[in-house]
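Participant: I have a structure I would like to understand better, so I am pasting it below and will then ask my questions one at a time.
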Amino acid sequence: MKNLKVITGILAMTFLTLTAMSCKDAKKEQNNDEGHNTEMNHDNSDGHHDSDKKEMAMNSNQDGNAEMILKDYFNLKDALVSDDEAKAKEFGAVLKKSLENLDVSKYTEEQQTELKEIVEDAIEHAEHISESPMAHQREHFKVLSKDVTDMVAITGTANTLYEQFCPMYDKGSAWLSKSEEVRNPYYGSKMLKCGKVQKEIN
Amino acid sequence: MLVLLVVFVGIQFIPTEGNQSDIVPKTDFMLVNNVPNDIKNKLQVSCYDCHSNNTNYPWYNKIQPVAWFLEDHIKEGKAELNFSEWDSLSNRRKASKLRSIIKQIESDKMPLDSYTLIHSDAILTDSEKQEIIQFLTQINENLN
């Protein structure tokens, strides 16, 4: 038994020694690719936010930042509804950016603390979504949805939102939607209409 | 072949930082939670090498490029979850982390196969997984 362990160890090491160097190179390339991607997302998000700003200018007394987060969240939700992993990755990255930009200065101290905690948590989920396969994206979307719901409870929003609930996914999971019609982001085409409106916000 | 040999010998002189500390910070998961001994041992052996400020290094960490490979893993692991800094997280993030830990254990994604290949003692049996998950679920419930 002990021999086996040593042999496995030695084999693993030889393997590592032989592959690690080529691995390093491959990793470098991958990193470059990633860098390129974030740049693209960045461009994307900028363009996207610019058009948002124009929209916001018309709704003068709204919190632009929180509305932006919501907009990105809904884009992400729609990507999951349509089973589009690549789009969900993209919007996950965009959402991460707008979360990072949330300006909490106009809220009370207590609200600020809570918002910061919410955002910190949500950023992590958005980041995971931006780099994971679909099943894992959906796992993180569940907690992200809770974060965003809690955020809206503090920031408010200009639009009527619907909190919807699917009892089947992970012992029951909620999400937000702008439309009353149920389109399930946890199952997508598999069970598109599974769920019900649980609460109306605004 | 000779070039490879020279490179192999050469890289042995490049140091790595190492992830070791004598101090267990007050924020450590084990200190702020009342962790039963068997679970404590299991977490220490199966998780703490990559998810805390103190790695119990194997002998082959003295050899490059193994040390680089491990350093990378540990850096990534700590960025995701660092048990040593557990209590500096907000309750919201603790809940998120607990959920992720449970999911990772449930789906056998953690501990990593590349880790248990050599650390066979880090493998979690079904009953150990059950026990740990139950304990973590309880911590999560007590958060709020």
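The values are calculated or read from the model by the stated rules, or taken from the named source; none is laboratory data. It should be emphasised that the depicted structure is a prediction, and the values quoted were computed from it without experimental measurement. Every residue, glycine among them, receives a Cβ derived from its backbone with ideal geometry; neighbour counts consider all protein chains shown.
Participant: With the requirement that a residue be surrounded by fewer than 20 Cβ atoms within 10 Å (Cβ to Cβ), under 28 Å from B:Glu106 (Cβ atoms), within 14 Å of chain B (Cβ to nearest Cβ) and in contact with a Phe, Trp or Tyr (Cβ under 9 Å, 6 or more places away or on another chain), what does the range A:147-171 give you?
Facilitator: Those that are surrounded by fewer than 20 Cβ atoms within 10 Å (Cβ to Cβ), under 28 Å from B:Glu106 (Cβ atoms), within 14 Å of chain B (Cβ to nearest Cβ) and in contact with a Phe, Trp or Tyr (Cβ under 9 Å, 6 or more places away or on another chain): A:Thr149, A:Asp170.
Participant: Among (1) aromatic (Phe, Trp, Tyr); (2) within 30 Å of A:Gln137 (Cβ to Cβ); (3) part of a loop (DSSP other than H, G, I, E, B), there is one condition B:Phe13 misses while meeting the rest; what is its number?
Facilitator: Answer for B:Phe13: the failing condition is (2).
Participant: Of the numbered conditions (1) closer than 18 Å to A:Asn75 by Cα; (2) touching a Phe, Trp or Tyr at 6+ places or on another chain (Cβ under 6 Å); (3) surrounded by 15 or more Cβ atoms within 10 Å (Cβ to Cβ), A:Ser98 satisfies every one except a single condition; which is it?
Facilitator: All conditions are met except number (2).
Participant: May I pose another question? Working carefully through the options A:Lys190, A:Lys178, find the one that is of a type in the set (Lys, Arg) and touching a strand residue (DSSP E or B) at 6+ places or on another chain (Cβ under 9 Å).
Facilitator: Working: A:Lys190 fails: touching a strand residue (DSSP E or B) at 6+ places or on another chain (Cβ under 9 Å).
Going through A:Lys190, A:Lys178 in turn, just one is of a type in the set (Lys, Arg) and touching a strand residue (DSSP E or B) at 6+ places or on another chain (Cβ under 9 Å): A:Lys178.
Participant: Considering each of B:Glu131, B:Glu85 in turn, give the residue that is within 22 Å of B:Gly18 (Cβ to Cβ) and out of contact with any Gly (no Cβ under 9 Å at 6 or more places or on another chain). Can you show your working first?
Facilitator: Numbers: B:Glu131 fails: within 22 Å of B:Gly18 (Cβ to Cβ).
Every option except B:Glu85 fails the conditions.
Participant: Here are the criteria: (1) under 16 Å from the mean Cα position of the chain (by Cα); (2) over 18 Å from A:His125 (Cα atoms). Tell me which single one B:Asp87 does not satisfy.
Facilitator: Status for B:Asp87: all satisfied but (1).
Participant: Can I ask one more? Of the residues A:Lys96, A:Lys89, A:Lys106, A:Lys142, which single one is within 14 Å of chain B (Cβ to nearest Cβ), at negative phi and among the basic types (Lys, Arg)? Reasoning before the result, please.
Facilitator: Details: A:Lys96 fails: within 14 Å of chain B (Cβ to nearest Cβ); A:Lys89 fails: within 14 Å of chain B (Cβ to nearest Cβ); A:Lys106 fails: within 14 Å of chain B (Cβ to nearest Cβ).
None of the other options fit; the residue is A:Lys142.
Participant: Another question, if that's okay. So which residues in the range B:16-40 are assigned to a helix (DSSP H, G or I) and surrounded by fewer than 10 Cβ atoms within 10 Å (Cβ to Cβ), if there are any at all? Walk me through it before giving the result.
Facilitator: From the range B:16-40, those assigned to a helix (DSSP H, G or I) are B:29-32, B:37-40; that's our starting set.
B:Asn37 - this is the single residue of the range B:16-40 that is assigned to a helix (DSSP H, G or I) and surrounded by fewer than 10 Cβ atoms within 10 Å (Cβ to Cβ).
Participant: Identify all residues within the range B:105-118 that are modelled with pLDDT of 90 or more and assigned to a loop (DSSP other than H, G, I, E, B); write none if there are none.
Facilitator: Result: B:Ser107, B:Asp108, B:Lys109, B:Met110, B:Pro111, B:Leu112.
Participant: Return a yes/no flag: does the range B:14-28 have any residue that is touching a residue at least 40 places away in the same chain (Cβ under 8 Å), over 12 Å from the mean Cα position of the chain (by Cα) and within 14 Å of chain A (Cβ to nearest Cβ).
Facilitator: yes
Participant: Condition first: part of a loop (DSSP other than H, G, I, E, B), under 25 Å from B:Leu81 (Cα atoms) and of a type in the set (S, T, N, Q). Now tell me which residues in the range A:68-118 satisfy that. Please lay out each step first, then the result.
Facilitator: Of all residues in the range A:68-118, those part of a loop (DSSP other than H, G, I, E, B) come to A:82-84, A:101-108.
Okay, now just the ones that are also under 25 Å from B:Leu81 (Cα atoms), so A:101-102.
Matches in the range A:68-118: A:Asn101 only.
Participant: Condition check: farther than 16 Å from A:Asn75 by Cβ, touching a residue at least 12 places away in the same chain (Cβ under 8 Å), of a type in the set (A, V, I, L, M, F, W, C) and in contact with a Leu (Cβ under 6 Å, 6 or more places away or on another chain). Does A:Val182 satisfy that?
Facilitator: Working: farther than 16 Å from A:Asn75 by Cβ: yes; touching a residue at least 12 places away in the same chain (Cβ under 8 Å): yes; of a type in the set (A, V, I, L, M, F, W, C): yes; in contact with a Leu (Cβ under 6 Å, 6 or more places away or on another chain): no.
The answer is no for A:Val182.
Participant: In the range B:70-80, how many residues are surrounded by 20 or more Cβ atoms within 10 Å (Cβ to Cβ) and within 12 Å of another protein chain (Cβ to nearest Cβ)?
Facilitator: 1
Participant: Considering (1) in a loop (DSSP other than H, G, I, E, B); (2) among the charged types (D, E, K, R); (3) surrounded by 23 or more Cβ atoms within 10 Å (Cβ to Cβ), say which one A:Asp121 fails and leave the rest.
Facilitator: Going through (1) in a loop (DSSP other than H, G, I, E, B); (2) among the charged types (D, E, K, R); (3) surrounded by 23 or more Cβ atoms within 10 Å (Cβ to Cβ) one by one, A:Asp121 breaks only (1).
Participant: Right, another one. Which pairs turn up if I take residues in the range B:84-109 that are within 9 Å of chain A (Cβ to nearest Cβ) and look for partners that are surrounded by fewer than 16 Cβ atoms within 10 Å (Cβ to Cβ) and assigned to a helix (DSSP H, G or I) with beta carbon separation below 8 Å, at least 6 apart in sequence or on another chain?
Facilitator: B:Asn91/B:Leu143; B:Ala95/B:Leu143
Each row is one residue, and each column tells you yes or no for (1) more than 19 Å from A:Ala153 (Cα to Cα); (2) among the β-branched types (Val, Ile, Thr).
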| site | (1), (2) |
| --- | --- |
| A:Ser82 | yes, no |
| A:Lys89 | yes, no |
| A:Asp103 | no, no |
| A:Thr108 | no, yes |
| A:Glu114 | no, no |
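Participant: Tell me yes or no: at least one residue of the range B:47-66 is out of contact with any Ser or Thr (no Cβ under 9 Å at 6 or more places or on another chain) and under 20 Å from A:Glu139 (Cβ atoms). Let's see the steps before the verdict.
Facilitator: Initial filter on the range B:47-66 (out of contact with any Ser or Thr (no Cβ under 9 Å at 6 or more places or on another chain)): B:47, B:50, B:55-60, B:62.
Keeping just the survivors that are under 20 Å from A:Glu139 (Cβ atoms) gives B:47.
Scanning the range B:47-66, I find at least one residue that is out of contact with any Ser or Thr (no Cβ under 9 Å at 6 or more places or on another chain) and under 20 Å from A:Glu139 (Cβ atoms), so the answer is yes.
Participant: When the range A:185-199 is examined, which residues are found to be in a loop (DSSP other than H, G, I, E, B) and in contact (Cβ under 8 Å) with a residue 24 or more places away in the chain?
Facilitator: Filtering the range A:185-199 for residues in a loop (DSSP other than H, G, I, E, B) gives A:185-187, A:192-195.
Those that are in a loop (DSSP other than H, G, I, E, B) and in contact (Cβ under 8 Å) with a residue 24 or more places away in the chain: A:Pro185, A:Tyr186, A:Leu192, A:Cys194, A:Gly195.
Participant: When only residues in the range B:110-144 that are within 14 Å of chain A (Cβ to nearest Cβ) and polar (S, T, N, Q) count, which is surrounded by the most Cβ atoms within 10 Å (Cβ to Cβ)?
Facilitator: By that ranking, first place goes to B:Asn140.
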